[in-house]
Amino acid sequence: MATSASSEPEALIQAEGLNKLFGELVAVDAVDFEVRKGEAFGFLGPNGAGKTSTMRMIGCTSPPSGGTLRVIGMDPVSQASEIKARIGVVPQMDNLDIELTVRENLEMYARYFDIPRDVANPRIDELIDFVQLQEKVDSKVEPLSGGMKRRLTIARALINDPDLLLLDEPTTGLDPQARHLVWDRLYRLKQRGVTLVITTHYMDEAEQLCDRLVVMDKAKIVTEGSPPDLIARYSTREVLELRLSDDAREKLATSADDLADRVEWLPDRVLLYTETGDATLAAIHESGIQTYSALVRRATLEDVFLTITGRSLIE
Amino acid sequence: MNATKIVRRNSLVHWRAWRSSFFLSVLSPVMFLSAMGLGLGSLVEEEQAFGGVDYLAFFATGMLAASCMQAGAFSGTYPVMNKIVWQKNYDAVLASPLNVRDIFLGEVSWSAVMLTQLATPFFMIMAFAGIFDSPLAILAIPVAVLVGTSCAAVIMAYTATLHTDEAYTWLFRFVVTPLFLLSGTFFPIDQLPAWGRVVAHLTPLFHGVELVRQLTIYDLDPSAIWHLGYLVALLGVGVVVGIRNFERRLLP
């Protein structure tokens, strides 16, 4: 890269040709990426794309099979404890001590990090406020809702005031309200300058939180950029969604390619990728095609994602 | 030391989750003792068959080692599988600066702490019952704890290779229970056929039972070195293999 080191923010994670093999299975295939200080970086991809394997290598709980990986300038195999002291990990599945109370979970974790009691106690109070669990502080973890457990897991990951927070599918399985609360907390962390690395298969999550992301598919990184960048590169600005009668579908089929950059024929809808949806819709109406319903929307990462990885189910 | 953090975590969780089990873990050997020692023992009058002591003394000393073995073996099964497979608590520990060695040594140390809490009241009951009077007898506690801890280490190493708890049914049915019955706890192994005596010599419980009896009701014998050596070696193997298996499992 040509940019000088001084103007470039410090890279917290650098991976080059990073590989992970489980026997014959290639989980991560020669990926390159760099996460800079203070940014929110996303790994987007379907299940089984290699996101979690990559996260585990960064979190020092899975040794790389090949390539190089540096986390906060250190080697995740030989300097695991030093790295782990400076990062926070929110795993896909909450692994709290469910027999203990909310506060005890945080106290126990503070001990793992050798945080002295007089530092830990005020920090625990602050974290409990931050994740809004004040009323549950002395209740056991087991009966808490999924959203509360998730927030406690996030608080626990912040106990060492980490430079880097790794979140593996932070809102999978949560109801919409709980998701928005988690997003809101993560957004605040980002504003405070905590570097976030997030894996997700939710496009809205990636769009909300990530400054920059890579799309992973079948163990490889297939593209990289900011959400608006990717939308500009792989989609048009707007998408026109039409519901039509069979007759109208046939009529549209003859002229659609002239009306839009790209057309996708789904069983229930037709998607026209276009710069201005309203103009395209007007042109369609002018040519005498009747529509049951028409919706003009902004293109999203979902359009990008489906363009890249295809619509068929990848398992 | 980092392993003490695991001990501390386990003891807190243990007292929360198993508040009643301490009582049970002391009560059940006591019930066994009264039923077998006093009940059955009153029918057994041939003292020379038990080395010149009455059956209650013979049985109680064996039972100290045997109940530690059972509790130790159990501590290496479901509680550890829970932390590897179901609740994944070890993943949380490994996200902190602690490593696999800290976890394994912590678990083994925790077994020793838990077994000391089991063996001590058991020992006190025997002392009050006047079963032994040698001052060396107090060493029976660490020996019984060593028996349980070495079994715990070996079974934890095995647990790290499992994905479900199905194997435990046969582990208890075909390994732990026969060990319990055939290692000289209930009757001297001289009563076994020749092959049975050979098998008994290979089992950790036999060595533990022998050592406990030498310290309490019999005279100390040079064979004590060999019995102790066996138990220490088993613990060593359990720890080395266990750390390796935990590493393979938890850091894939």
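Across segment A:255-273, the number of residues qualifying as of a type in the set (D, E, K, R) and out of contact with any strand residue (DSSP E or B) (no Cβ under 8 Å at 6 or more places or on another chain) comes to 1. Checked against the criterion of being within 14 Å of another protein chain (Cβ to nearest Cβ) and either in a helix (DSSP H, G or I) or of a type outside the set (Lys, Arg) (or both), the candidates B:244, B:248 yield just one match: B:248. Of the residues making up segment B:135-167, just one is out of contact with any helix residue (DSSP H, G or I) (no Cβ under 7 Å at 6 or more places or on another chain), over 15 Å from residue B:237 (Cα atoms) and among the hydroxyl-bearing types (Ser, Thr, Tyr), namely B:164.
Taken over segment A:203-235, the residue count meeting the criterion of being assigned to a strand (DSSP E or B) and among the aliphatic types (A, V, I, L, M) is 6. If only one of B:65, B:71 is closer than 21 Å to residue B:162 by Cα, away from every other protein chain (no Cβ under 14 Å) and in contact (Cβ under 8 Å) with a residue 60 or more places away in the chain, which one is it? Only one candidate passes the filter, namely B:71.
Only one entry of A:116, A:76 meets the criterion of being of a type outside the set (Ser, Thr, Tyr), free of Cβ contacts under 8 Å to residues at least 24 places away in the same chain, surrounded by fewer than 18 Cβ atoms within 10 Å (Cβ to Cβ) and over 15 Å from residue A:155 (Cα atoms), and that entry is A:116.
Could you please find all residues in segment A:37-71 being within 22 Å of residue A:204 (Cα to Cα) and of a type in the set (D, E, K, R)?
Going through segment A:37-71, the residues within 22 Å of residue A:204 (Cα to Cα) turn out to be A:38-52, A:54-55.
Those that are within 22 Å of residue A:204 (Cα to Cα) and of a type in the set (D, E, K, R): A:39, A:51.
Quick grid of which residues meet (1) surrounded by fewer than 22 Cβ atoms within 10 Å (Cβ to Cβ); (2) of a type in the set (Gly, Ala, Ser); (3) on the phi < 0 side of the Ramachandran plot:
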residue: B:60; (1), (2), (3): no, yes, yes
residue: B:77; (1), (2), (3): yes, no, yes
residue: B:83; (1), (2), (3): no, no, yes
residue: B:93; (1), (2), (3): no, no, yes
residue: B:137; (1), (2), (3): yes, yes, yes
residue: B:149; (1), (2), (3): no, no, yes
residue: B:165; (1), (2), (3): yes, no, yes
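Only one of the numbered conditions (1) free of Cβ contacts under 8 Å to residues at least 12 places away in the same chain; (2) under 26 Å from residue A:43 (Cα atoms) is violated by residue A:225, and that is (1). Taken as a whole, segment B:150-168 holds no residue that is within 19 Å of residue B:37 (Cβ to Cβ) and either charged (D, E, K, R) or at pLDDT below 90 (or both).
For segment A:135-190, a tally of residues being among the hydrophobic types (A, V, I, L, M, F, W, C), part of a helix (DSSP H, G or I) and more than 30 Å from residue A:72 (Cβ to Cβ) returns 2. Among helices (runs of 4 or more DSSP H) entirely within segment B:67-129, having at least 3 residues that are touching a Lys or Arg at 6+ places or on another chain (Cβ under 9 Å) singles out B:89-94, B:100-128. Summed over segment A:238-254, residues that are surrounded by fewer than 14 Cβ atoms within 10 Å (Cβ to Cβ) and either out of contact with any strand residue (DSSP E or B) (no Cβ under 9 Å at 6 or more places or on another chain) or in contact (Cβ under 8 Å) with a residue 40 or more places away in the chain (or both) total 5.
The values are calculated or read from the model by the stated rules, or taken from the named source; none is laboratory data. Quantities reported herein were computed from a predicted structural model and do not represent experimental measurements. Positions of Cβ are generated from backbone atoms using ideal geometry, with glycine treated the same way; all protein chains shown enter the neighbour counts.
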